[in-house]
Every structure is written in C-alpha cells, then in structure tokens.
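Inspection log for the structure reproduced underneath, given as structure tokens.
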There are 4 protein chains.
Amino acid sequence: MLIRLGYDIIFDTPAPVPFVTLLKVHISRVNDLLQLDELKISSATHFECYFDSFGNTCCRFLAPAGQLRLSNSTLIHDSGEPDPVAPWAREIPVQHLPKEALQYLLSSRYCEVDKMSNIATELFGGVAPGWNRVQAVCQWVHEKVTFGYQYANAQKTALDVFTNRFGVCRDFQHLAVTMCRALNIPARYATGYLGDIGVPVSPVPMDFSAWFEVYLEDRWWAFDARNNQPRIGRVLMAVGRDASDVALTTSFGMANLRQFTVVTDEVLQHEAAHV
Amino acid sequence: MLIRLGYDIIFDTPAPVPFVTLLKVHISRVNDLLQLDELKISSATHFECYFDSFGNTCCRFLAPAGQLRLSNSTLIHDSGEPDPVAPWAREIPVQHLPKEALQYLLSSRYCEVDKMSNIATELFGGVAPGWNRVQAVCQWVHEKVTFGYQYANAQKTALDVFTNRFGVCRDFQHLAVTMCRALNIPARYATGYLGDIGVPVSPVPMDFSAWFEVYLEDRWWAFDARNNQPRIGRVLMAVGRDASDVALTTSFGMANLRQFTVVTDEVLQHEAAHV
Amino acid sequence: MLIRLGYDIIFDTPAPVPFVTLLKVHISRVNDLLQLDELKISSATHFECYFDSFGNTCCRFLAPAGQLRLSNSTLIHDSGEPDPVAPWAREIPVQHLPKEALQYLLSSRYCEVDKMSNIATELFGGVAPGWNRVQAVCQWVHEKVTFGYQYANAQKTALDVFTNRFGVCRDFQHLAVTMCRALNIPARYATGYLGDIGVPVSPVPMDFSAWFEVYLEDRWWAFDARNNQPRIGRVLMAVGRDASDVALTTSFGMANLRQFTVVTDEVLQHEAAHV
Amino acid sequence: MLIRLGYDIIFDTPAPVPFVTLLKVHISRVNDLLQLDELKISSATHFECYFDSFGNTCCRFLAPAGQLRLSNSTLIHDSGEPDPVAPWAREIPVQHLPKEALQYLLSSRYCEVDKMSNIATELFGGVAPGWNRVQAVCQWVHEKVTFGYQYANAQKTALDVFTNRFGVCRDFQHLAVTMCRALNIPARYATGYLGDIGVPVSPVPMDFSAWFEVYLEDRWWAFDARNNQPRIGRVLMAVGRDASDVALTTSFGMANLRQFTVVTDEVLQHEAAHV
C-alpha cells in the first residue's frame, strides 16, 4: 500500500524566532519512503538536522520575522497490515528490560507516574500481567474519556485527564502511558501520521496523531487508547516520554499558528505511477 | 585537596525488588578518583551498570527480599577551588546552542516551563541576558524560598515552590531551572556530593546535594539557588532534566528506607597517606 | 432606563434530576422590577425557593426525565448610570470590617488565596491601599489575560489563570478576587445580566456575566477585570465566594445543555409602554 | 462524664495583626458547659465575637506587636456515649434535603467535588445508598491513607490526598467529605476537641481534631475517616465546608506559632468537685 504524506503549516512570526521541528518520518521508516521526505521551509537560516536523545530526527532553524511556511509531500510504502496483536507477549521484569527502555518507566511532564501509582495498582494490579493488561488499560481509558477538540489544553496532564475525563488524542495516550509506567511497563508517547484507512472517514480535518508504544516480550508495540482498535497506516515520526518531548514544532519566542493542514491518504498504484 | 566520599544506605525490602541507582561519581570526574568508586551491595542479582541517555552511570540490579545495604567509600582529588564565576559568559541564541543542550529547554516532571513562562518573563525579562541574569534568578529564588527539611515533598513542582515558597534543596533548583528554561537558557538539574568545606558546618546530617547547571558561552556552569554562593568540593554524580531523571535510588516495588548516611569530608594529606 | 431581561435554557435529562438554580434577580434589585421575575419551568415537582447563606434567591426542584426548559422575561428599571468610581474609597482594616465581609477574605474552590498570597504581595504590596490598588489589580488582570470562549474550563482556578493567561469572564474575576483577598481586601464573585449598553455590540451571543465586588470604605463596589471600564446596566443575580457558590444552574445528576439564550436589552420608553 | 478542655497557644507577632479565631465550644454544646468557656487573650483591642454564616462562634481582635497568648480552661459534661451508629439512616434525595444542607454538596477550597465526581462514582456508586455507603467511604479512606504528622501541608486538597495517600487528620476528612458530596450526600468538615477516652493513649501531644458530619435521614451524624471507629468525647467547635472555613486561628498578617498545647482529659467526679 502507498500512502501520500504531507503537511502545510504557516506561522506568523513578528520577530525572528528559533524553531525545533520533528516533522520527518522516523528513522525506522526511512527505508519505506518512495520520495524524498523533505521539510520545505519558506525561509530560514541556521538550518540543521540531528537526532535527539530519543533517536528522533529534529531540525532546528531560525525563522525570519514575517511568515514561516513549513510544507512537505512525500510517498511511503506501508504493509497495509493493521497494528499487530500479540496476546502472548509478556511483561518483562525491570531487571531484564533493555536499558534503553528504563527511562520510559519514569515520570515526565504530562505523565505523573508518582501521583498515579496507587490508582493504577487499584485498577489494574489484579489483571494478569502481559499484553492483555495493557489492553485493559487502553480499554478503560477509551471507555472513560470522551474525545472532543474543544478539550484541547496544552497544560493537561494524565492526572487531569483521569479526573475530568475529556480530552484530545494526546490526553488519552498520556493517561494510558502513565498507567502502564505505574505498573512497571515501559511506555512511550508516539506521534506521526495516521489516516482513515479501513475506518469511517473522520468528519474533522486530518491532523497528526498520537498513540503510544509499550515494551513487551522483546520489542515495542503500538497501542492507541484513543481509537482502541488496530489501525492501518501508522507512520511514526517521533517517540518520547510524552508530548513535551515530541512537539512537532517548538518555537522559542512568539509564533502564531495561522494555517495547519495534514495529508495522509492511501494512493492507488496507478495513481502512484504518476506522482 | 582530597575528599573522602561515601554513603551507607539500608532499605527493607519485603519482596524481591528491582533497583536502579545513580550512586557513582560522574564520568567527568572519574579521572580524579584515587580509590575505586565501588557500589557495594549486600546482596543482589542481575547487576549491570550502563550509561543512561544523559550520560550518567546507572546500576541496575534485583534486590532480594529482606534487607538491602548500599555502601561505598572512596577518595577523590578536587581542585579546592570554589565554583567559577564568569560574569562575561553570554547566553547563546537557541539556533547556536549545541544540540545536546536543547532538551534542557523543555518542560519536565518538576519543571513546568510552559506554566511559568509568563512569570519568568515578567520577573527577569528585563534583566540583561547572560551570567548576571542567571545569577538574578538564583538570587531571587534564594531570597524568596525558605529552606526546611519538613517541607520535603516528592511531588512538589517548580510552580508549587513558586507559590508556597518553602522547600528543600531540590525545590530551590527546580524553580531556578524552570525560570532559566523559560528564558531560553538551557538548565539541567545536578546531583552529587557537597560538603561543608569553607562554610560553617551544617547542624544537620550530611546528605547528597542538588544544584543545577546552565549552558552559557561555551560550557555548562554550576549554579546553586539553595546556597547562592560559590562552594568548594562539588562532586557531580548525575545530571538530568529534573529530580525525576536522577533519583539516586529508584525502586520498582516496595522498599522502605531504614538508614541513610552520606560522607563527604576533606581529608588532610597526611591522613590520606593512611587511607 | 428600562432593561428587558430574560433567558431560555433547555436541558436534556435522561432521568429525573434535582436542580438548584440562581436565576432570579438579586433581592437588592427587586424593587426595580416592573414585571414579575418568574422562573418558568416546563415541568417540575418539589419546587421551592429560598435564600442561601449568601442572601441569594435559589430555587430547587426535581426535573422529570425528558427535557427541562427554564425561561423568563422581565423588565427592570435601571439608573442608566455607569458603575460608580470612587478613588477616595479606603481599604478597611480587618478589625473594622463588618463581620459579614470576613468570609470574603478566605480561600475558596477557585480562589486559592493561600497559594497566591506571596504573588499578590509582590505585585501589589507596594501600591498605596484603597480604590486605586483594586483598580491596579483589575488593570493587571485585564492586560495580562486574553479572553476567549475556547478557554472555558470549569476546573480552572485563579492560579491556573495566573499561569496560563487565557480565560473567559469568570476566570478574570477569579484571579482578581484572589489577588484582592490576598491583600486583605474582601472580594466576592458576582453574576448577573450585563448587556452592551454604551459599548460596541459584542459579536458573540449574549450570556450571563461575571464581575466582582470589593468592600471599601463602607460598602461593596462593582469591579470588572474582564471589561475594566465602568459599564451601564449590571443587574445582579447572585454573589458568593466564587463561581462554585453561584452557578446559575446546578444539577445533581446528568443534564445536558441543549440550548442557552440570554436577553438583556435596553427598552425605549415608548416600547416599554406596550410590553 | 466530665471533660476538662483547654488550650494554650502563643504567637510571635512582629507587628499588630488582626485575628479571627474559632476557639469556642459550638453553640450546640454550650448547655453542657459547667464553667465559662472563655477565650483569654494576653492583650488585644477591637475584640468582638459573632456567629459566622455556618453558625460558628468566631472572635475577632487586633493583636498588638510582640507576643499573643490565647488560653482557656473549661469543663464540659459529656454523655460518655460513643458516636452513634445508625445503619438504618437513609440518604435523602436532594429535593428533600433541608435547604441549609445544600451548600454542603458543593466544591470548596480543599474539596474539589467537580474533579472527584467520576472517581467517587466508580468506587462507591455501586454501594447501596445510606449509612453503610458513608461507612464504606470512611473505611476506604482509612485503609488507603497513611497518617503522619510529617505529611502536614496546608495546601493539600482532597485530590492530593487521593493521589499521594499520606496525610494528617484533616486530609482524611477532606477526602471522605469530597467523596460523599460527589455522591450527593451533604458532608461538612468539623473541628473540635477529641481526647483519648476509651482508646489507647496517643504517643503524640494532644491536638485539636478534625472529623466530618454527614446528613442522613433527618440529622447530621459524626463520621471520622481518620479513626474510623466510634469515639467518646467529641466536643464540637466549628463546622464548615472544609478546613479553610474553620481554621481555629486565622491571622491577617505575620504571626509565628511558638507554642501550642491542647488539653482534653476526662475528669473524675471527685476531682471535678475541686476544680
């Protein structure tokens, strides 16, 4: 399956302002790209890309005063398979986890593991460890939290979501991530492209999506407390402890978002021949 | 100058429990060690040491049920010089920072940069950038916050410290770190040994200390909002975004602290000859 | 001046649910009414009105399953004068305040006086006491906080507003109320009708408004950190410690708001002759 | 049974400072007093006592610069009966509650009913309404929260207690009160004298105590999530929405507590003859 990916984002920047972006496909998917995954910038200086400590491809640059446009259009090959489901996958005791996974057990800005430890134990401590326990967390969050764009709030933490039960995509994942960590299951926040392939077309404009990954058995697996069903066509861009680590754009000064569109559409093969 | 370093920590562990510790001298000071910096563990399996993503030396192991004792005694050479003071050191624009410093601009568990951005700007936005602005932050925190061990609270964030104005060592540093980040100055939390050399002997038992580091000009510099004066004999153990990253011991299950002593004393040369 | 007041509010109530409403004009304005201020309820049992401990006129009733409609249309005489401005009005030392005012010095759900005491002192402790200090608080809040309906959040406290600087009407008042109390100036939250008389017509649908009252010299005075200018035509409905006390409708069970319109329009005399 | 009640409290007051105290036995127990319940004040002006909106006896005065001593010693008759237990007592639907009870359903400073509504419903929504449901709340709080004076924190709310599970007397009651309100059961915070009669003598110095009252059937009943067993010899001083309303002393300016002792001891009849 081929998927067309892209975005077109415009900021007003009253004064020159440095940016860091995570707008590239994750290194783990680079081999699937059929076209250049190029971050086009209307105008910038000091442009530099690098890997952050989580292995994400970041680009940093200085945007001039005026307007900044970030755009891209690329094509990726995807298996077309839904997210794997592996009920046999076991939780790994902390002493056997790969050391890279350990940081994903700790508290972070939006995931107050320390505050939610008792709550998670009460809700899920009695569920048998392994894949199905993570699935139980997803199920619980999915059922208890109501989605709505009007609930978007950049300061909302997992505990806030737990108490007020409303949120956007990232809020669902933050709550589920925190629950998992509190159960000593490494969990990390993921962000990327996710279209409507195989599901009813969403009535709202396409956006980047958040999901999360959990370390079970011998690898990271995608879970999604917002959708709570295997989906086709996730294209990972970045992972981190929570949304604070993987903001798609971070500006270090004033930048007002003026336009924001995301594309992630299946492309039929004969169409692809012409792209 | 020679400094005797060490600790003796005992936990009750009702059941086997995995631990991660950051109880070793930081790699940047390893060349100063005159004796082995060995983490002695009463009993453990699956012992392994590694560097985390911040470059700290972590050790992970599984403690058996019963009691766990962690101890160490080592000797380090120190310049005997107080923390450097460099009023000429400039803030570096985000686009020129080394990429490793960028993560220290973001929000973390105890440092809600997003929530304190306006506050920091109102308080310090008018101060000329550079060393003296960081010093102004330290001065403000030092004057406004009252120290007391009875205020220790592992859930206290920088904003909490800003509102209630009481805290322990780490709280001072979290607030200062957050202010600096909100001003686009990379700041990281540091923990290590710090004795009473050159200052009145503290009436309370020795403990590990927290301070913070700020990136100015071309390097990281130690600042200390708790003491707010150059000190002699800091021995760094770990740096991270905040106390969540560099807890000296993290247990993934129940572990009750029973005893805790820290040693960090100047050793006279003739004494050292016999150690 | 005559003002037409009214509302039309519809809830879906899947099961019978008790309600408490504060939808009547405050007792202090009853003598100005030219028509009955009648809360019309589509259907209810156990209807009873009473004064709460703040002196507000509350009505309690049991709404049946199905739909609940609350409506009213009445006519009130207003002086047509803008809010009084009294720069000579002094703050009253706590020991001389009327005892009824003392509760308005304490912390409440949305007004964490305890947490904001240092902040208020730092910002306004140096301003000369009296009317102008309260005005300085209003000015500060008005300038620092950005209004937007999208920021409505029923859990937002004064401290939240102080940190994130976005909010709706009630958020402005909560912050100003908290600052005043922290300065030992009694301040209470007020809610009622406020139209567009004498100001540009608002582009958004009419709503009930929040403002606040401060005790200075020998009486309560209206202040409004949202609008920050004297307005014509405030009609008080209720006062309390904060929005928690004076919610216009409180349901003790599920009730989904379906429609909400408020009327508060100046009526010309010759029109009034026919109403 | 006779109980000796009293206190001796000393504040340092660097400058004159107004105080409000709730240091008198509640009006509902005044008929049981055998001696004058006199608040002795070392020195004060503008002394005045009054009932607040909750019916508590408050005293307000201006303390001079220097030192303030508040003391009292009185004698009260008590039934000697433990707190009543009434498993037959029913919850009253909101539409049938006495109107005075309705305010005790709302959120307050330390009791965020809005934030804990879902949590309370999940934990206790399935328990049959009535006395035993309130008892289940007490039981839960009593079991889940660990007592310790070192956890005293004047800013700790019910939600904080729910997450961190440590606290002092008032924290237990705040959490239980909030749970009850979230279940539409009126609950109010109570403070007063409570000695060791009939229980093992506490190893810590006597203090004032907090408990809470719940409206069931046709009256308010004492519950105590801290002790969670019927106790003998409660002497009520004040009720309110939470600890913010019924602080035993509130100073409107600096006042440093220097000494604090409370007496509440059973007096044998032959001793009483001589007091």
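For peptide A:100-107, what's the mean number of Cβ atoms from other chains within 10 Å of each residue's Cβ?
Working: counts 3, 0, 9, 8, 0, 4, 9, 10.
Per residue, the average neighbour count from other chains is 5.
Ordering B:Met237, A:Met1 by accessible area with a probe of 1.4 Å, largest first, what comes out?
On the way: B:Met237 0, A:Met1 50 Å².
The ordering from most to least exposed comes out as A:Met1, B:Met237.
Ranked by accessible surface with a 1.4 Å probe, highest first, in what order do A:Lys144, A:Lys24 come?
Working: A:Lys144 70, A:Lys24 45 Å².
The residues order as A:Lys144, A:Lys24, largest area first.
Per-residue accessible area for A:Phe51 at 1.4 Å probe radius, Å² rounded to 10?
Accessible surface of A:Phe51 is approximately 110 Å².
Based on the Cα coordinates of region D:120-199, what is the per residue volume of their convex hull in Å³? Please list the in-between numbers first.
On the way: hull volume 9.0 nm³, N = 80.
Here the figure is 113 Å³ per residue.
For chain D, take the longest principal axis of its alpha carbons; what is the angle in degrees between that and the long axis of helix D:131-144, to the nearest 10 within 0 to 90?
So the helix axis and the longest Cα principal axis differ by about 70 degrees.
Determine the equivalent ellipsoid of region B:71-173 by diagonalising the alpha-carbon gyration tensor, then write out the semi-axes as square roots of 5 times the eigenvalues, largest first, rounded to whole Å. Let's see the in-between values first.
Values: eigenvalues 115, 105, 51 Å².
Those come to 24, 23, 16 Å.
Determine one quarter of the surface area of the Cα convex hull of region C:218-260, which equals its mean projected area, and express it in nm² to one decimal. Intermediate results must be reported in sequence, preceding the final value.
Values: hull surface 20.3 nm².
Answer in nm², one decimal: 5.1.
Let me check I have the definition right: for the protein assembly as shown, take the eigenvalues of the Cα gyration tensor, multiply each by 5, take square roots. What are those semi-axes in whole Å, largest first? Walk me through the intermediate numbers first.
Working: eigenvalues 464, 323, 190 Å².
Computed over the protein assembly as shown, the values are 48, 40, 31 Å.
Note the direction-averaged projected area, equal to a quarter of the hull surface, for the Cα convex hull of region B:107-156, in nm².
Directional mean of the projected Cα hull area for region B:107-156 stands at 4.3 nm².
Roughly how tilted is helix A:169-182, in degrees to the nearest 10 and between 0 and 90, from the longest Cα axis of chain A?
40 degrees
Given C-alpha coordinates of region C:172-238, what is the ratio Rg to Rh with the Kirkwood estimate of Rh?
On the way: Rg = 12.4 Å, Rh = 12.6 Å.
We get a ratio of 0.99 for region C:172-238.
What distance in nm separates the simple spin-label points at D:Arg69 and C:Asn31, each placed 7 Å from Cα in the Cβ direction?
Result for the modelled spin labels: 5.2 nm.
Over region A:189-247, what is the relative contact order in percent, taking alpha-carbon pairs closer than 8 angstrom and at least six residues apart?
Values: 84 pairs, mean separation 27.9, N = 59.
Rounded, it is 47 percent for region A:189-247.
Once amide H atoms are placed 1.01 Å from N in the peptide plane, what residues at a sequence separation of 5 or more from A:Leu33, or on another chain, have their amide H within under 5 Å of its amide H?
HN-HN under 5 Å from A:Leu33: A:His77.
Between B:Ser79 and A:Gln269, what is the spin-label point distance in nm, taking each point 7 Å from the Cα along the Cα→C-beta axis?
In this crude label model, B:Ser79 to A:Gln269 measures out at 6.7 nm.
Over the Cα atoms, compute the radius of gyration (one decimal) and Dmax (the largest Cα-Cα distance, rounded to a whole number) for region C:184-275, in Å.
So, for region C:184-275, Rg and Dmax equal 15.7, 49 Å respectively.
Which whole-number percent is the relative contact order of chain A (Cα, under 8 Å, 6+ apart)? Show your work: numbers first, answer last.
On the way: 603 pairs, mean separation 81.4, N = 275.
Relative contact order of chain A: 30 percent.
Rounded to two decimals, what is the ratio between the C-alpha radius of gyration of chain B and 2.2 N^0.38 Å? It would help to have the intermediate numbers written out before the result.
Numbers: Rg = 18.8 Å, N = 275, 2.2 N^0.38 = 18.6 Å.
Expressed relative to 2.2 N^0.38 Å, the Cα Rg reads 1.01.
Over the alpha-carbon set of region B:15-131, divide Rg by the Kirkwood Rh and report the Rg/Rh ratio to two decimals.
On the way: Rg = 20.3 Å, Rh = 18.6 Å.
Using only Cα positions, Rg/Rh for region B:15-131 is 1.09.
Please express the Cα-Cα pair-distance distribution P(r) of region A:120-275 as a list of whole percents, one per 10 Å bin, running from 0 to the bin with the greatest distance.
With 10 Å bins starting at 0, P(r) equals 10, 37, 34, 14, 4, 0.
With all protein chains present, calculate the accessible area of C:Thr57 using a 1.4 Å probe and round the result to the nearest 10 Å².
20 Å²
Only helical DSSP H runs with n ≥ 4 go in: add -39500 (n - 2.57) per run for the protein assembly as shown, normalise by residue count and round the 222 nm mean residue ellipticity to 500 deg cm²/dmol.
On the way: 20 runs with 204 residues, N = 1100.
-5500 deg cm²/dmol, from helical runs alone.
Kirkwood hydrodynamic radius, computed over distinct alpha-carbon pairs, for region C:4-80: how many Å, to one decimal? Mind dumping the intermediate values first?
Values: mean 1/r = 0.0747 Å⁻¹.
Hydrodynamic radius (Kirkwood, Cα pairs) of region C:4-80 is 13.4 Å.
Compute the long axis of helix D:113-124 from its Cα atoms, compare it with the longest principal axis of the Cα atoms of chain D, and write down the angle in degrees, 0 to 90, nearest 10.
So the helix axis and the longest Cα principal axis differ by about 50 degrees.
For a distance above 15 Å, tell me the whole-number percent of Cα pairs in region C:48-100 that qualify. Before the final figure, lay out each step's value.
Values: 1060 of 1378 pairs.
Across region C:48-100, Cα pairs with separations above 15 Å total 77 percent.
What does DSSP give for chain D in terms of the percent of beta bridges that are antiparallel, rounded to the nearest 5?
Around 95 percent antiparallel, to the nearest 5.
Starting with the highest mean, order A:98-109, D:245-256 by the number of other Cβ atoms within 10 Å, averaged over the residues of each peptide. Walk me through the numbers on the way to the answer.
Numbers: A:98-109: 21.4, D:245-256: 17.8.
Final packing ranking: A:98-109, D:245-256.
Given H placed on each backbone N at 1.01 Å, which residues far from A:Val263 in sequence or on other chains put an amide H within less than 5 Å of it?
A:Gly6, A:Tyr7
Rg (Å, one decimal) plus Dmax (Å, integer) for the alpha carbons of region B:131-171?
10.6, 32
Fully extended, how many nm does the chain gain between A:Lys144 and A:Arg90 (0.36 nm per residue separation, minus their Cα-Cα distance)? Numbers along the way, then the final one.
On the way: separation 54, 0.36 × 54 = 19.44 nm, distance 2.57 nm.
Residue separation times 0.36 nm, minus the Cα-Cα distance, leaves 16.9 nm.
The values are calculated or read from the model by the stated rules, or taken from the named source; none is laboratory data. Note that the structure is predicted; figures quoted are calculated from it, not measured. Positions of Cβ are backbone-derived with ideal geometry, glycine not excepted, and every protein chain shown enters the neighbour counts. Note: areas computed on protein heavy atoms with side chains; ligands, DNA, RNA excluded. Shrake-Rupley method; radii C 1.70, N 1.55, O 1.52, S 1.80 Å.
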